[in-house]
1. I'd like to know if the stretch 104-112 contains one or more residues that are within 24 Å of residue 131 (Cβ to Cβ), touching a Lys or Arg at 6+ places or on another chain (Cβ under 8 Å) and modelled with pLDDT of 90 or more.
2. So if I check each of 88, 82, which one is part of a loop (DSSP other than H, G, I, E, B), crowded, with 20+ Cβ neighbours inside 10 Å and at pLDDT 85 or above?
3. Looking at the stretch 133-151, can you tell me whether even one residue there is surrounded by fewer than 17 Cβ atoms within 10 Å (Cβ to Cβ) and either closer than 24 Å to residue 171 by Cβ or aromatic (Phe, Trp, Tyr) (or both)?
4. What is the residue count in the stretch 91-106 for residues that are more than 29 Å from residue 61 (Cβ to Cβ) and either surrounded by fewer than 15 Cβ atoms within 10 Å (Cβ to Cβ) or of a type in the set (Gly, Ala, Ser) (or both)?
5. Among (1) loosely packed, with under 12 Cβ neighbours inside 10 Å; (2) modelled with pLDDT under 90; (3) closer than 30 Å to residue 159 by Cα, which single condition is residue 67 missing?
6. Tell me which of these residue 129 doesn't satisfy, since it passes every other one: (1) part of a helix (DSSP H, G or I); (2) in contact with a strand residue (DSSP E or B) (Cβ under 6 Å, 6 or more places away or on another chain); (3) not β-branched (Val, Ile, Thr).
7. What pairs can you find where one residue is in the stretch 166-181 and loosely packed, with under 10 Cβ neighbours inside 10 Å and modelled with pLDDT under 60, the other is of a type in the set (Gly, Ala, Ser) and in a loop (DSSP other than H, G, I, E, B), and their Cβ atoms are less than 6 Å apart, with a gap of 6+ or different chains?
8. Within the stretch 51-64, can you find the residues that are over 20 Å from residue 173 (Cβ atoms) and either in contact (Cβ under 8 Å) with a residue 12 or more places away in the chain or surrounded by 13 or more Cβ atoms within 10 Å (Cβ to Cβ) (or both)?
Amino acid sequence: MSEGATGISASYRDNCRFGAIAFSSPSRALVVHFTNSDLSLGSNHCKRNKIIQGRSLLEEQILCNADYQKYAFKMDRIAIALYLDMALRIDSALDILSVSSSNRRFPQALMDAMGGESTLHRANVEALFFSNELGPISNSDLVQQAWAACHVAVLPHMAMRFHDLGRIRTNTIPDEVCATGQL
């Protein structure tokens, strides 16, 4: 992915735990599926080390890389799920829905955050973001959601709205807190 704005989208398993994450630049995408394997000491040592190495690489190269400004429509939920479910941190992350004055759970919030009715087809937004909220999401939809977040982030008239928003930085939480899983 080219450096700069990176859109992020996530999917969750039936038990509400993190399942997959998609990253998108304007021209490329990456989908990472997380294992639900137990990383306790009793699990396969070799497999455990590979999972830990992969997660560390993801955190270092993308999630906490300050060269990538990360944008998502529900970044608050993604950041907390990364932290609590995967013990991963994120830096320079922005919740796009924070620019909307509408209720975050309704399509109008997405419409506002993506530039409004004049640039979007409401039915397409609802189909992509609201048609399958309770079930697993396809990789294609996951990537399209991440791409939409990236695309919105680079729109000149939206950049001004995002400028004053605070960034999410879970990488500032001390290691001791991350190790206990308590905020």
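1. Taking every residue of the stretch 104-112 in turn, none turns out to be within 24 Å of residue 131 (Cβ to Cβ), touching a Lys or Arg at 6+ places or on another chain (Cβ under 8 Å) and modelled with pLDDT of 90 or more.
2. Step by step, each of 88, 82 is checked, and only 88 is part of a loop (DSSP other than H, G, I, E, B), crowded, with 20+ Cβ neighbours inside 10 Å and at pLDDT 85 or above.
3. Checked the stretch 133-151: no residue is surrounded by fewer than 17 Cβ atoms within 10 Å (Cβ to Cβ) and either closer than 24 Å to residue 171 by Cβ or aromatic (Phe, Trp, Tyr) (or both).
4. Of the stretch 91-106, the ones more than 29 Å from residue 61 (Cβ to Cβ) are 100-106.
Then drop every residue that is not either surrounded by fewer than 15 Cβ atoms within 10 Å (Cβ to Cβ) or of a type in the set (Gly, Ala, Ser) (or both), which leaves 100-103, 105-106.
Residues flagged as more than 29 Å from residue 61 (Cβ to Cβ) and either surrounded by fewer than 15 Cβ atoms within 10 Å (Cβ to Cβ) or of a type in the set (Gly, Ala, Ser) (or both) within the stretch 91-106 amount to 6.
5. Going through the list (1) loosely packed, with under 12 Cβ neighbours inside 10 Å; (2) modelled with pLDDT under 90; (3) closer than 30 Å to residue 159 by Cα, residue 67 breaks only (2).
6. (2)
7. Sorted first by the residue in the stretch 166-181, then by its partner, the list stays empty.
8. Within the stretch 51-64, 51, 54 meet the criteria.
The values are calculated or read from the model by the stated rules, or taken from the named source; none is laboratory data. Quick caveat, the model's predicted, so the values are computed rather than measured. Because the Cβ atoms are built from the backbone with ideal geometry, glycine has one as well, and the counts that use them run over all protein chains shown.
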